[in-house]
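The values are calculated or read from the model by the stated rules, or taken from the named source; none is laboratory data. Note that the coordinates shown come from a computational prediction; the quantities given were computed from them, not determined experimentally. Counting neighbours? That spans all protein chains shown, and the Cβs are built from the backbone with ideal geometry, glycine included. For accessibility, only protein heavy atoms count, side chains too; no ligands or nucleic acids. Shrake-Rupley method; radii C 1.70, N 1.55, O 1.52, S 1.80 Å.
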Amino acid sequence: MKFAVSLTMERFSPDIPMERVKSNLLELARMADEGGFETLWTAEHHTIECTISPNPLMTLTWLAQHTEQIRLGTSTLVAPYWSPIRLAGEAALCDHLTGGRLEFGIARGSYQYEFDRMAGGMPQQEGVAYLKELVPAVKKLWAEDYAHDGHYWKFPLAAGVPKPLQRPHPPVWVAARDPGTFDWAVGIGASILSTPLSAPAAEIAVLGEKFRKAVADHPEVPRPRLMMQRRTCVYEREQDWEVAVGHAIDYGRAFENLFQNIGTVNNGFPEAVPYESVKGKDNYNPENIRRNLMFGTPDEVIEKLLDYEAAGVDQYCLGLTFNLPFELQKKTIKLWVDEVMPIFAARERDKARQAARA
């Protein structure tokens, strides 16, 4: 199992200057690169300050100039916000400007607040139909001249310019939680980005089984990869868990505002919905958050990671963007590199030796 980190620029107060937000992201990206993380993922979002990423391809191009080895991925581009020709060209150019390090991750989209402003108010659930039309068109534009006559987009014979540096194209990843999207994504040769959200550990196995079934149902394609992401915070003392959980709860209340479009957003800053309106939910119970999310000392998170390994996860992604204090973000990366990664590197070496003997 490899490791990745999900990072975006974020601020929850206008008192925080953008220069600091930008420099914080750059410092974390360099730490992840030097520490041996496989991939850095960053999202696409619009009109909200808590995730400042109107074009993740631009962010990744910038980060590529300051990193050496780490793969750079979009987690995720939002399908209804793009046209096939524009996306094929911009992603391919990003692949060149990052030296062939692009990982192309795409999704239907999430926040209804954004859909009301970016997609004419369409229900976010309808984004999956755009996703299923867009991705095959982009892949064809990456390959050769192509004309498209679809439901959402129509254009005469056109070329994707430039063609990607990676051939035939950058690795394609699709965000999925439902079985239908797993099946479709694996069927077109895409890898899977998934998350158990705040659900108990049993959800990890459920998602792993959806992936295994999709792979088994499509023997005609090479096995893709499975990534799972959780909010993550690692600390040295067990008693420090309350800090991470408190930030997760506050961030979750802002997420409810945007996801359900039930709150107020002032000048790009979403107000957290009242705690009283969510406190009865299991995923806002502090003990459940501590248990379910990737919060803990190095020994505790190593134990939790075994569930992901058992579910067949190829890449575990540290979700660090939930208004976690910058020093805790840095501490999490450092402890992960120093105390967690070596354990799983040793496990990989042991498996390789056992396979060689067999």
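Overview of results
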quantity	calculated
Members of region 202-234 found to be in contact with a helix residue (DSSP H, G or I) (Cβ under 7 Å, 6 or more places away or on another chain), farther than 18 Å from VAL172 by Cβ and open to solvent by less than 30 Å² (accessible area, probe 1.4 Å), listed by number	ILE204, THR232, CYS233, VAL234
Residues that are part of a loop (DSSP other than H, G, I, E, B) and surrounded by fewer than 22 Cβ atoms within 10 Å (Cβ to Cβ), drawn from region 109-132	SER110, ALA119, GLY120, GLY121, MET122, PRO123
Residue within region 141-157 that is closer than 30 Å to VAL265 by Cα and open to solvent by less than 60 Å² (accessible area, probe 1.4 Å) present	no
Residue check for ALA199: open to solvent by 10 Å² or more (accessible area, probe 1.4 Å), farther than 18 Å from ALA79 by Cα and among the small types (Gly, Ala, Ser)	yes
Scope region 71-107; condition in a helix (DSSP H, G or I) and in contact with a Ser or Thr (Cβ under 7 Å, 6 or more places away or on another chain); matching residues	CYS94, LEU97
Evaluation of ASN323 against (1) in a helix (DSSP H, G or I); (2) surrounded by fewer than 19 Cβ atoms within 10 Å (Cβ to Cβ) (one fails), failing number	(1)
Test result for GLU276, over 18 Å from the mean Cα position of the chain (by Cα), modelled with pLDDT of 95 or more and surrounded by fewer than 19 Cβ atoms within 10 Å (Cβ to Cβ)	no
Members of region 74-105 found to be over 18 Å from GLY127 (Cα atoms) and in contact with an Asp or Glu (Cβ under 7 Å, 6 or more places away or on another chain), listed by number	LEU102
In region 1-31, the residues that are under 17 Å from MET227 (Cα atoms) and not in a loop (DSSP other than H, G, I, E, B)	LYS2, PHE3, ALA4, VAL5, SER6
Failed item, numbered, when ASP240 is tested on (1) among the charged types (D, E, K, R); (2) over 19 Å from the mean Cα position of the chain (by Cα); (3) within 27 Å of ARG71 (Cβ to Cβ)	(3)
